Amino acid sequence: MPLTRLVVQKFRNIKACDIELSAGFNFLIGPNGSGKTSLLEAIYLLGHGRSFKSTLTGRVIQNEAQELFVHGRFLSSDQFELPIGINKQRDGSTEVKIGGQSGQKIAQLAKVLPLQLIHPEGFDLLTDGPKQRRAFMDWGVFHSEPAFYEAWGRFKRLNKQRNALLKTATHYRELRYWDDELARLADNIDAWRRQYVQQISSVAQTLCQVFLPEFDIDLKYYRGWDKDTPYSELLEKSFERDQLLGYTFSGPNKADLKIKVGGTPVEDVLSRGQLKLMVCALRVAQGQHLTELTGKQCIYLIDDFASELDSQRRERLADCFKSTGAQVFVSSITQNQVADMIESNSKMFHVEHGTIEQG
Ligand SMILES: Nc1ncnc2c1ncn2[C@@H]1O[C@H](COP(=O)(O)OP(=O)(O)OP(=O)(O)O)[C@@H](O)[C@H]1O
Ligand SMILES: [Mg+2]
């Protein structure tokens, strides 16, 4: 679902930009502080309703301005060009419009614009806590299982209510009604995630063979609680411990994806460049799997493409992105660093002091 046009207004240092895009590679070239990451951040906002850099909308809206706009047109799966847009105000209010219809949900943006971001801090997917890896799994489950979004939202709300109840309950039976529903949702979420990890594993292994042939990657799903105990039973058994803690200790909100090479956690073995390649392999695997399953193409946003990579690895990565046939946005300080990626339908944009000109 490539974007064909992008209009950005009052977004960080980008005052106004209106560009026609390539359905293949779009390069953003410019010096430090020129606005390359900001443009990728604007596209990310259009697909996720939030920034990947800041949780505060006020930081993203241009200084002195009251609101920002990111809108454009995308090609739907039946090849119609449709408008899409998001507006955010300083008071936190958000408006989403898709296909001319206002009042759309942010999840709807994600449905029509599946995005994959690869940025210099991106290897926190492998080195940080499980939150990032849950988000990784849930990106895939969200796009492949229509009931997931609502089930996960409901699980999180019920889990919060349970945590509040734990503080006042005097006997487990006061929780049973909530726990029955929690367990039903947890079982669904667990099954969907397990199935997704199973499906993505072989695609990820094949891609890792291309980027890191010296390593054998192994993805293992952990559901967030002991594999032999049904969740409903676990909730009852852990009631007293959960009460002492003041929250529910185990559950799908503790799920993780353990990523190892040769039996050792990746963060203990791989170099920074290798970690970046591994993240690329995992993200491209998600994109490929999405296309196989739904026919949808995701858009790749690659910030600071060249960092940490030698020229041979850059070439390999360039070939891999070319083979996806997807729309790709690539930022780089110099044109030289992306020379391997340039194709006849590529577009080059020069970024300077927040202005973006096609070159
Ligand atoms: N809310 C804002 N209003 C105006 N300008 C801002 C705002 N937030 C950040 N900026 C400025 O926007 C500029 C763009 O930064 P950006 O991260 O997009 O640069 P970049 O081209 O990616 O640079 P690098 O090559 O160093 O990564 C910076 O100079 C930053 O100070
Ligand atoms: Mg940058």
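Values in this text are rule-based calculations from the coordinates and carry no lab data. Since this is a predicted model, take the numbers as computed values, not measurements. FYI the Cβ positions are ideal-geometry reconstructions off the backbone, even for glycines, and counts take in every protein chain you see.
Between the range 306-359 and the range 23-50, the alpha-carbon centres lie 12 Å apart.
Roughly how many whole Å is it from the C-alpha centroid of the range 131-149 to that of the range 233-278? What the calculation gives is 16 Å, centre to centre. Here the range 126-295 is assigned +1 on the Cβ of each Lys and Arg and -1 on the Cβ of each Asp and Glu. Its dipole about the Cα centre then comes out at about 460 debye. Listed values for the range 171-181 are Karplus-derived 3J(HN,Hα) couplings in whole Hz (6.51 cos²θ - 1.76 cosθ + 1.60, θ = phi - 60°), namely 9, 4, 4, 5, 9, 4, 4, 5, 5, 4, 5, and x replaces Gly and Pro. For the range 182-198, backbone nitrogen atoms closer than 19 Å to the point 7 Å from Glu233 Cα along Cα-to-C-beta are found at 182-191.
Between the listed residues Leu175, Phe27, Gln327, the Cα displaced farthest toward the positive end of the dipole of the chain, a dipole computed from Cβ unit charges relative to the Cα centre, is found at Leu175. In a reduced charge model with +1 at each Lys and Arg Cβ and -1 at each Asp and Glu Cβ, the range 27-142 shows a dipole moment near 160 debye about its Cα centre.
I want to verify a result. In a Gaussian network model of the chain, Cα cutoff 10 Å, which of these has the top mean-square fluctuation: Gly140, Gly24, Gly58? Maximum fluctuation in the GNM of the chain, among the listed residues, is at Gly58.
Largest GNM mean-square fluctuation across Thr168, Thr94, Thr324, computed for the chain with C-alpha springs under 10 Å, falls on Thr168.
Within the range 220-261, the trypsin sites (Lys or Arg not before Pro) that combine a DSSP coil assignment with at most 16 other C-beta atoms in a 10 angstrom radius are Lys227. The charge dipole of the chain, taken about its Cα centre with unit charges on the Cβ of Lys, Arg, Asp and Glu (plus for the first two, minus for the last two), comes to roughly 780 debye. Across the chain, the volume of the C-alpha convex hull divided among the residues equals 149 Å³ per residue.
Assign one of three labels to the range 90-247, namely rounded, prolate or oblate, based on the Cα gyration tensor with a ≥ b ≥ c the square roots of its eigenvalues; rounded applies when a/c is under 1.5, prolate when it is not and a/b is larger than b/c, and oblate otherwise. Oblate shape, in that a/c is at least 1.5 and b/c is the bigger or equal ratio.
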